[in-house]
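Taken together, the values in this text are just the output of simple stated rules run on the coordinates, not laboratory data. Please read these numbers as outputs of a predicted model, since none were measured by experiment. Cβ coordinates were reconstructed from backbone atoms using ideal geometry, including for glycine residues, and neighbour counts include every protein chain displayed.
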Amino acid sequence: MAIARGTTPETAPALADALAAGGVGAFEITLNDPVDRALLGIEAIASRSSGLDVGAGTVLTIEAAQAAIDAGATFLVMPHTDPELVAWAAERLIPALPGAATPTEVLAAWRAGAAAVKVFPASSLGATFLRELRGPLPDIPLVPTGGVTAETAGEFIAAGAIAVGLGSWLVGDGAPDGVTSRARRVVAAVAAARDGRPQ
């Protein structure tokens with residue numbers, strides 16, 4: 001899952017195409033940009049066929065969630081665990097990925113109806129934390145996000161993550177060639193980890 005901040009409605013479609021060309025499956029546009037611009041970016045991608053699921057990130061309120069869905073977002077990502085917000089999304093069959101950094105938060109997010117739980121910040125918590133978390137909570141799908149790179153993505157997958165979220169490392173300055181090249185690197189690292197091959 002790619003994560004972009006500061007994406008404009010004008011640049012979002014080209015960035016989506018570059019990510020799709022590299023094999024990325026989902027694109028999160030964060031709402032902590034000027035919200036109107038972020039929503040227009042979501043709309044610009046959702047209105048065309050890019051091969052990506054497009055969602056909204058940094059969703060902090062039900063109002064923001066509704067605006068994102070109205071713009072075409074098919075999933076919602078939060079940096080925190082808000083059971084009311086997660087339950088609201090689940091009731092509408094909108095996948096929600098709330099952020100969590102402790103076992104208590106992970107379980108609360110899952111019980112509220114999360115589709116998966118975003119382990120955040122992944123670079124601080126590390127793959128070992130995720131592996132240990134899978135011991136008592138093996139059935140909760142986890143998506144580490146925050147500081148993930150091609151070098152660490154495979155470690156998280158090998159530790160039990162179902163997917164990884166990458167922001168600045170993947171998107172960079174948004175130049176399509178660089179984005180596609182980095183996307184291919186991380187997709188290959190994830191595939192190798194899933195197959196149990198050396199990375």
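Tabulated data for the structure shown
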{"read-out": "Percentage relative contact order, the range 2-195, counting C-alpha pairs under 8 Å, at least six apart", "value": "19"}
{"read-out": "Total formal charge among the other residues, if their Cβ is under 11 angstrom from that of Leu40, Lys/Arg +1 and Asp/Glu -1", "value": "-3"}
{"read-out": "Along each principal axis, Cα extent of the range 1-98, largest first, Å", "value": "36, 25, 21"}
{"read-out": "For the range 143-155, Karplus couplings with θ = phi - 60° (6.51, -1.76, 1.60), whole Hz, Gly/Pro x", "value": "10, x, 8, x, x, 6, 10, 4, 6, 9, 4, x, 4"}
{"read-out": "DSSP-assigned coil residues among trypsin sites (Lys or Arg not before Pro) in the range 1-64, each with at most 16 further Cβ atoms within 10 Å", "value": "Arg5, Arg48"}
{"read-out": "Residue-count net charge about Gly174 - beta-carbon cut-off 15 Å; Lys, Arg +1, Asp, Glu -1", "value": "-3"}
{"read-out": "Hz values of 3J(HN,Hα) by residue in the range 20-25 - Karplus curve (6.51, -1.76, 1.60), Gly and Pro given as x", "value": "4, 5, x, x, 6, x"}
{"read-out": "Residue among Met1, Thr30, Ala127 farthest towards the positive dipole end of the range 1-149, charges placed on Cβ", "value": "Ala127"}
{"read-out": "Cβ-placed point charges (K, R +1; D, E -1), dipole of the range 2-195 about Cα centre in debye, nearest 20", "value": "440"}
{"read-out": "Relative contact order [Cα under 8 Å, 6+ residues apart], the range 1-48, whole percent", "value": "53"}
{"read-out": "Residues whose placed amide H lies under 5 Å from that of Thr81, excluding near-sequence neighbours", "value": "Gly99"}
{"read-out": "Ratio Rg/Rh [Cα only; Rh per Kirkwood] for the range 85-154", "value": "0.99"}
{"read-out": "Answer label, with Cα extents along the principal axes in Å calculated from the coordinates and candidates (i) 48, 34, 30; (ii) 44, 39, 24; (iii) 41, 37, 33", "value": "(ii)"}
{"read-out": "Per-peptide average of other Cβ atoms within 10 Å, ordering 12-24, 101-113 highest first", "value": "12-24, 101-113"}
{"read-out": "Sum of side-chain charges, Asp70 neighbourhood, beta-carbon under 11 Å (Lys, Arg +1; Asp, Glu -1)", "value": "-2"}
{"read-out": "Highest-first arrangement of 135-142, 92-99, where packing means the average Cβ count within 10 Å", "value": "92-99, 135-142"}
{"read-out": "Relative contact order (percent, whole number), the range 137-195, Cα cutoff 8 Å, 6+ residue spacing", "value": "39"}
